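Down below is the structure, laid out as structure tokens.
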Amino acid sequence: MPSAPTKLYADDVSLLVVLLDTNPFFWSTSSLPFSKFLSHVLSFLNSILLLNQINQIVVIATGCNSCDYIYDSSLSTNPGIENGKLPALCSELLKKLEDFVTRDEQLNKQQSQSLPPTTTSSLLSGSLSMALCYIQRVFRSGPLHPHPRILCVQGSSDGPEQYVAIMNSIFSAQRSMVPIDSCYIGSNNSAFLQQASYITGGVYQKPQQLDGLFQYLSTVFATDLHSRTFLQLPKSVGVDFRASCFCHKKTIDMGFICSVCLSIFCKHHKKCSTCGSVFGQAQSDVASASNLKRKTPET
Amino acid sequence: MNNGNGRRLNGETEEDDDDEGSEGDLDAWERTYADERSWESLQEDESGLLRPMDNKTLYHAQYRRRIRSLSSQATTSRIQKGLIRYLYIVVDLSRAAAEMDYRPSRMAVVAKHVEAFIREFFDQNPLSQLGLVTIKDGIAHCLTDLGGSPESHVKALMGKLECSGESSLQNALDLVHGYLNQVPSYGHREVLILYSALSTCDPGDILETIQKCKKSKMRCSVIGLSAEIFICKHLCQETGGSYSVAMDESHFKELILEHAPPPPAIAEFAIANLIKMGFPQRAAESSIAICSCHKEAKVGGGYTCPRCKARVCELPTECRICGLTLISSPHLARSYHHLFPIVPFDEVSSSVLSDPHNRLPRSCFGCQQSLPNPGNKPSLRVACPKCKQHFCLDCDIYIHESLHNCPGCESFRHLKSPIATEE
Ligand SMILES: [Zn+2]
Ligand SMILES: [Zn+2]
Ligand SMILES: [Zn+2]
Ligand SMILES: [Zn+2]
Ligand SMILES: [Zn+2]
Ligand SMILES: [Zn+2]
């Protein structure tokens, strides 16, 4: 952080890391066109910078095949409006975003040649991990730093294959006390984002009217962490605590747990694929007769 | 890192062998400081504030050594830990617990640290259960049944803190044996006895009871608060537990917390099993429902059993209606990084760095910190062997110690390895 000590970091200075879902599979089905969506988000990002001149924003694109940083206001040379042209924020961000989307699409083509397209989820685990690394860097920059939070603007459905990675990210965010806010614009609720916001103390919101997205963003997610304590933010409408099974990556609400390593399976297996334990049998040869009596597996 | 510090460190390792070297003329208390000389590396920043000491490379080297040893361990031993534990804590509340060699009393110190232990225990053993037993007037009482909620145990213990009479090891073991014999066979049966007394007043032959415990594969451990007693030592030896005597309060705290992480490979004590479990959803904050545990109407919170749709207040628990074990899945997920550890990153060799044909990434993939192209310095970047992305040393540590994900591997679809293959 250049010249950080000269800035006055009060408790209402924010570092907002926004994770933007750019998944083409979702945007091709969405009722809100991607361009409209961008104009809502750009206005929101501008308003964050206007709320406090030393607020900082970082934007990470969550693609279908890759993730990348597309904007960092601390690197931007001229964030203000320049003789009537588009603000630097918009032009810079849009250019990077376009590059990213083309690259992501190319990866998609390379993919589909070798493999049939299996999932249409976005790589949320990747962008969350990157955001957390960035935030750690801000923490390292010294005792004075803006208060970080993460906002996921997500539309595509959860990718159950990312379950472990996303949970790891959530726990790491919780340990560093970084709230993860979620604005979910897809059709159903996202169990991952509900859990992320619930565990880290962030806000989960699913806007009813996508036309008013800017209003949702600015009333719910623009407030800094300090001021939040004085507000009545949306209460949780329930949290979906379902897990993904390790065998098929299906989302399940009931399943079997390996008693040795706690792996989750959707049906009964003879052997744990994670730790290799054989179920319903003694672990080693020394198991005594008293143990063998209890061998019958539970249903 | 400044050079003075580095030289000193090299010197120190050499001196380790011939104990008293050039620093032999220093007093013992001086020597501990002379090794570090931490004041010499203090630095000020522009505004005159003290800057944290720059021993990053040193710290990073230490960390890499630790990671390497961990990963070599992981490959040699399979991940088998006794993750589901059934533990009874036996608190001795005989007359001896009132002694004041611990301040304010042994009893108060024990209670304080048992509380901390209970919380730590559930944090590290999400599916485990714990129960409390007290010994008073020569009789063992069950304070709480086996359960998964830390609050209820702590409350019960704090409400019953008074002591009198003799202590009886045999009565306590008999009582606990009765309970632990009923737990499912996949669980590890453990007893942790916090023993204040120097004697035991038993109704029969305690050696028989010890054999009985051994047969039921109960691992009994004792932490003494006064002095070593033969019968406690014998009990621990026979059942495979550990025996220790606390010297003071901080030592006691250390000893009791040693029992919080899952005990190492005692896998043969329990049978691997698949347990059927439900992951209930948390209800909306504004919903009203009657819970099946307290039979009261409650607003907000609460969880719904996925099989019978009954409402319960707390997790983990067993559904009162259909008997399904209900847990919160994030609880389980906390231990998953043990199962899928990420590989240590490789240091980028200087030959790669100096080769002008290599177009090296200019910034850390994780945090975007610019990575200097070092001339003579040791490499300040590491690379993930899987995704080949470069990371700064700080991210390296953060990724392996806290995040447990490689941002590079997570950010490219074709690199994402499946969690587990189908059997
Ligand atoms: Zn499955
Ligand atoms: Zn297993
Ligand atoms: Zn209840
Ligand atoms: Zn039920
Ligand atoms: Zn980094
Ligand atoms: Zn990687």
Tail weight of P(r) past 18 Å, computed on alpha-carbon pairs of the stretch A:160-253, percent | 50 percent
Within 10 Å of each Cβ in peptide A:270-278, how many partner chain Cβ atoms are there on average? Round it to a whole number, please.
-> 5
Scoring the stretch B:87-210 by relative contact order with C-alpha pairs under 8 Å, at least six apart, yields a percentage of 36 percent
The stretch B:107-151 shape via C-alpha gyration tensor axes, a/c threshold 1.5 | oblate
Scale the Cα Rg of the stretch B:178-308 by the rule-of-thumb value 2.2 N^0.38 Å and send over the ratio, two decimals.
-> 1.49
What pairs in A:LYS96/A:LYS206; A:LYS109/B:LYS388; A:LYS95/A:LYS235 have C-alpha atoms more than 25 Å from each other?
-> A:LYS96/A:LYS206; A:LYS95/A:LYS235
In sequence order, calculated HN-Hα J values of the stretch A:244-253 (Karplus, 6.51, -1.76, 1.60; Hz; x Gly/Pro) = 9, 6, 7, 8, 10, 6, 9, 7, 10, 10
Per-pair calculated FRET efficiency, R0 = 51 Å: B:GLU258 and A:SER28 via Cβ, rounded to 0.05 = 0.35
Any idea how far apart A:ARG228 and B:ARG362 come out in nm if each label point goes 7 Å out from Cα toward Cβ?
-> 3.5 nm
How would you order B:278-286, B:395-403, A:164-172, B:313-321 from highest to lowest mean count of nearby Cβ atoms within 10 Å?
-> A:164-172, B:395-403, B:278-286, B:313-321
Once Rh is set to the Kirkwood radius over Cα pairs, what Stokes-Einstein translational diffusion coefficient, in µm²/s, holds for the stretch A:88-230 at a temperature of 25 °C and a viscosity of 0.890 mPa s?
-> 145 µm²/s
How far is the Cα center of the stretch B:298-327 from the Cα center of the stretch A:233-277, in Å?
-> 17 Å
With N set to the residue count of the stretch A:119-189, report its C-alpha Rg divided by 2.2 N^0.38 Å to two decimal places.
-> 1.19
Subset of A:LYS267/B:LYS217; A:LYS270/B:LYS276; B:LYS112/B:LYS155 violating a 19 Å alpha-carbon distance limit | A:LYS267/B:LYS217
Work out the mean other chain Cβ neighbour count within 10 Å for the residues of A:245-251 and drop it here as an integer.
-> 3
Shielding of B:321-330 by partner chains, average beta-carbon count, 10 Å = 4
List, in the order given, every pair from B:LYS253/B:LYS298; A:LYS249/B:LYS309; B:LYS212/B:LYS233 whose Cα-Cα distance in the structure shown is over 27 Å.
-> B:LYS253/B:LYS298
In what sequence, highest mean first, do A:94-100, A:152-158, B:254-260, A:133-139 appear when ranked by Cβ atoms within 10 angstrom?
-> A:152-158, A:133-139, B:254-260, A:94-100
What is the calculated FRET efficiency for A:SER187 to A:GLU98, with r their C-beta to C-beta distance and R₀ = 22 Å, to the nearest 0.05?
-> 0.25
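Throughout, read-outs are computed from the coordinates displayed, never taken from laboratory work. Because the structure is predicted, anything quoted here is derived from the model rather than measured. Heads up, the Cβs are rebuilt from the backbone with ideal geometry, glycines too, and the neighbour counts pull from every protein chain shown.
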